[in-house]
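Working notes, structure below.
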Amino acid sequence: MNILIKNGTIVNADKSTKAAIFIADGKISEINLPTAALPDETIFIDAQGKYILPGGIDPHVHLHLPVSAGFSADDFFTGSRAGLFGGTTSFLDFVTPRRGQTLPDALLQRKQEARNSLTDYSFHVSPVEWRESLPDEIQACIEEGITSFKVYMAYLDTIGLREDDLFRVMKAVGQAGGMVTVHCEMGEKVDKLRKKFIREGKTSPRWHPLSRPPELEAEAVEKAIHLAEKAGCPVYIVHVSSRLSLDYIRKAKLKGQPVFAETCPQYLLLNDTKYEGDFMNTAPYVMSPPLRKKEDNEALWKALSDGTINTIGTDHCPFTMEQKKQGINDFTKIPNGAGGIEQRLSLIYHYGVNQNRISINRFVEMVSALPAKIFGLYPRKGIIREGSDADLVIWDPDKEITISAQTHHQHCDINIYEGMKVKGAPETVIVNGKVAIKDGELQDVDLKGNLLYRRL
Ligand code: URP
Ligand code: ZN
């Protein structure tokens with residue numbers, strides 16, 4: 001498929017330019033009008049009045065994630081499709097081995113589960129325990145193009161690592177040239193609070209945020225940064241939710257330590273008043289870390305504009321109301337997580353760019369360019385330039401959407417942004433050189449996502 005896009009404004013992280021884009025064989029073949037005659041079957045797109053963005057890259061999603069309530073509601077097909085509707089053309093999911101299972105073996109299994117993705121993807125691989133062979137397993141993953149390793153300081157009874165093992169993993173990843181990504185919450189202290197509340201009969205979702213206070217996130221952020229420095233390993237803090245955590249990230253960056261940070265739309269736009277009400281209205285917001293206060297929202301916006309936060313992911317991990325009901329008598333049994341892969345770009349564009357908190361170039365940087373750079377996909381992804389993959393979003397700055405579970409494409413009956421009105425959304429989405437979304441419809445083209453080989 002050859003495509004010529006004319007009259008649009010190309011928006012990259014560093015600048016915006018008015019130029020044509022010619023796409024051939026899945027790649028951006030030329031910027032500006034092609035010098036040779038156009039092939040007969042070229043599709044023409046007039047992007048007058050529109051922006052052309054590099055496809056969104058969501059660095060943090062959990063598709064088909066097994067939990068005690070079943071699987072997260074989106075699998076690789078429905079999740080990647082929802083992403084496409086919102087302008088996300090690649091994503092990073094996770095490989096979480098069973099105890100005793102090697103990292104390469106778990107990676108092999110996860111690759112099978114991801115085969116029906118419509119868009120390209122990669123994984124962060126999670127060491128869930130230490131063993132002598134782990135450095136070799138990490139090396140084997142790197143040779144397969146996996147450069148990042150996710151560790152959890154929470155969930156100690158299942159996938160979390162205690163401090164000594166965390167340090168060993170960081171050291172092994174650092175020596176192999178990789179990066180650790182860290183879920184920062186002090187697991188033992190969180191578990192104590194959870195147990196205490198349940199013992200005291202405090203079982204409703206309103207106790208969820210109180211069992212995971214911001215101080216326990218900040219303490220974990222400080223520890224993770226300290227351990228990573230000692231281990232000589234670059235560190236990426238996932239889903240930063242609180243103002244307190246930002247101070248530690250800022251300080252480390254100022255010292256020149258390789259520390260990166262991500263936040264998510266829910267921590268910028270929603271707050272803990274969502275936990276006031278009955279189970280059906282509050283359980284949708286049970287996620288970890290929990291929603292914080294309005295002051296935290298504002299501190300995070302500031303951290304986006306001053307560069308403390310590098311990327312915006314979603315932690316897309318939706319569960320249906322039926323699944324959430326597993327915890328109707330005990331908030332600790334509510335599956336943690338919420339969706340957002342489809343709304344990420346529109347939410348950040350509307351509340352960030354339209355409300356003059358960030359420029360459109362910074363928007364592109366955080367939702368596409370930096371995820372690509374930090375995770376070894378740049379310049380194949382994350383930029384519009386000759387030779388890059390033709391993953392493009394023709395963005396209509398005037399398109400208005402009211403977000404709702406009734407109309408979204410996520411495979412879930414809950415949307416935590418229900419009723420929010422946003423202006424700015426994809427008009428057309430091109431993935432690997434094929435028009436995938438047009439006029440609000442998934443096109444009848446053969447879309448096949450591939451596992452991306454990432455470079456250190
Ligand atoms: O609540 C969340 N975030 N669920 C997904 C798993 C995780 O902690 O990232
Ligand atoms: Zn997550």
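Only the coordinates and a few stated rules stand behind these numbers; no lab work does. These numbers were taken from a predicted model, which means no experiment stands behind them. FYI the Cβ positions are ideal-geometry reconstructions off the backbone, even for glycines, and counts take in every protein chain you see.
A simple spin-label model places pseudo-atoms 7 Å from Cα toward Cβ; at residue 386 and residue 281 they are separated by 5.9 nm. Each stretch of four or more DSSP H residues adds -39500 (n - 2.57); spread over every residue of the chain, this sum gives -8500 deg cm²/dmol at 222 nm.
The charge dipole of region 55-374, taken about the Cα centre with unit charges on the Cβ atoms of Lys, Arg (+1) and Asp, Glu (-1), comes to about 600 debye, rounded to the nearest 20. Under 5 Å from the amide H of residue 92 lie the amide H atoms of 58, 60, 61, 122, each residue being 5 or more positions distant or on a separate chain, with H modelled from the backbone and absent for Pro and chain starts.
Remark on residue 413: its backbone amide H falls under 5 Å from those of 321, a criterion applied only to residues 5 or more positions apart or on other chains, H modelled at 1.01 Å from N.
Amide H contacts of residue 151: 181, 182, 183, each under 5 Å away and 5 or more positions distant or on a separate chain (H built 1.01 Å from N in the peptide plane; Pro and chain starts excluded). Charged neighbours of residue 384, selected by a Cβ distance under 15 Å, balance to +3 (K, R count +1; D, E count -1). In order along region 29-39, the Karplus-derived 3J(HN,Hα) couplings, from 6.51 cos²θ - 1.76 cosθ + 1.60 at θ = phi - 60°, round to 8, 9, 9, 5, 5, x, 7, 8, 5, 6, x Hz, and Gly and Pro are given as x. Percent of Cα pairs in region 389-455 per distance bin of 5 Å, from zero to the largest separation: 4, 14, 18, 20, 19, 15, 8, 2, 0. Could you let me know the centre-to-centre spacing of region 83-97 and region 225-299, using Cα atoms, in angstrom? Taking the Cα centre of region 225-299 as reference, the centre of region 83-97 is 20 Å away. Over 27 Å apart at the Cα level, from the set 253/399; 18/381; 294/324; 202/421, are 253/399; 202/421.
Take the convex hull of the alpha carbons in region 146-268; its mean projected area over all directions comes to 8.0 nm².
3J(HN,Hα) along region 54-62: x, x, x, 10, 8, x, 7, 9, 10 Hz, from the Karplus curve 6.51 cos²θ - 1.76 cosθ + 1.60 with θ = phi - 60°, whole Hz, x for Gly and Pro.
Restricting region 270-336 to GluC sites (Glu not before Pro) that sit in a DSSP loop and have at most 14 other Cβ atoms within 10 Å of their own Cβ leaves 276. Globularity index of region 55-374 is 0.93 (Cα radius of gyration / 2.2 N^0.38 Å, N = number of residues).
Packing, as the average of other Cβ atoms within 10 Å across residues, places the peptides 437-447, 22-32 in the order 22-32, 437-447, highest first.
Taken one residue at a time, the phi angles of region 422-430 give Karplus couplings (6.51, -1.76, 1.60, θ = phi - 60°) of 10, 10, x, 7, x, 9, 9, 10, 10 Hz. Gly and Pro are set to x.
Taking the highest mean first, how do the peptides 72-80, 405-413 order by number of other beta carbon atoms within 10 angstrom per residue?
72-80, 405-413
Express as a percent, rounded to the nearest 5, the fraction of DSSP beta bridges in the chain (both residues included) that run antiparallel. Counting DSSP beta bridges with both partners in the chain, the antiparallel share is about 50 percent. Candidates 261, 88, 130 compared by Cα position along the dipole of region 55-374: farthest toward the positive end lies 261, with charges placed on Cβ.
A full extension of the chain between residue 455 and residue 399 corresponds to an added length of 16.5 nm, given 0.36 nm per residue minus the alpha carbon distance. Only one residue of 76, 207, 169 has its Cα farthest out toward the positive end of the dipole of the chain, where Lys and Arg carry +1 and Asp and Glu -1 on Cβ, and that residue is 207.
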